[in-house]
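I have placed the structure first, in the form of structure tokens, so that the comments after it can refer back to it.
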Amino acid sequence: MADRRLGVSAPPVDKTIRSADWDSLDISGENHRRVLFQDVDMTELSDHGSSFEECQFRNVRFNVSVHEDARFLNCVFSRCSFFDATFTGCKLTGCVFDGCTYGLLKVSGGDWSYVALAGADLRGSAFHGTRLREADLSAARLEGAELRRCDLSGAWLREADLTRCDLRGSDLSTLDPREVTMKDAIIDPFQATVVAGALGFDVRD
């Protein structure tokens, strides 16, 4: 896999959908591969079980859209907006997000492993029970966000801001507390032991 910290090349495309109005459409079950979506309005779109593979999304509005059991595989999202969008049980492995906005993004379950969200402003977003294995969250802004019961094993969190972030139940085994901001972050007793161990404490009963 390419080094996400240095960026990856966008996948080639075979088709372009430009300036389309998909507002409030139901695209359940649709399949798209190597398609460029440019300036498409997907506000309040409904999506159950659709598939997007190696697609590019540029300046696409996903605001208040609802996605269930959908697949976005190795896609690139550039300057897209996800205000109040909901992803439930979706697979977004290998996706790259660049210059996007995410206010009130809600993610429940699903597999977001290997996603590139470096520097993303995820303040107020919520990830519950999501697999974020080896996700790039370096320098991400997660103040007041929720990362509950998430698999963060191998995730890159260097310079991330976790101020007031609710991390309870998530895997923090690879978190280095010295490389992140964790003021007032919420963790459970088991995680406290993990964090203390990472700081070099000898934790005993």
- Filter pass, G89 being in contact with a Leu (Cβ under 9 Å, 6 or more places away or on another chain) and touching a residue at least 12 places away in the same chain (Cβ under 8 Å): no
- Message: Exactly one condition in (1) modelled with pLDDT of 95 or more; (2) assigned to a loop (DSSP other than H, G, I, E, B) is false for G103; which is it?
- Response: (1)
- Within the range 103-131, how many residues are more than 18 Å from D69 (Cβ to Cβ) and either surrounded by fewer than 17 Cβ atoms within 10 Å (Cβ to Cβ) or free of Cβ contacts under 8 Å to residues at least 60 places away in the same chain (or both)? 11
- Identify the residue in the range 141-160 that is surrounded by fewer than 21 Cβ atoms within 10 Å (Cβ to Cβ) and over 13 Å from the mean Cα position of the chain (by Cα) and, among all such residues, is farthest from I186 (Cα to Cα). G154
- Among the residues listed as C55, C100, the single one being buried (at least 24 other Cβ atoms within 10 Å of the Cβ), touching a strand residue (DSSP E or B) at 6+ places or on another chain (Cβ under 9 Å) and under 24 Å from R18 (Cα atoms): C55
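The values are calculated or read from the model by the stated rules, or taken from the named source; none is laboratory data. Because the structure is predicted, anything quoted here is derived from the model rather than measured. Cβ coordinates were reconstructed from backbone atoms using ideal geometry, including for glycine residues, and neighbour counts include every protein chain displayed.
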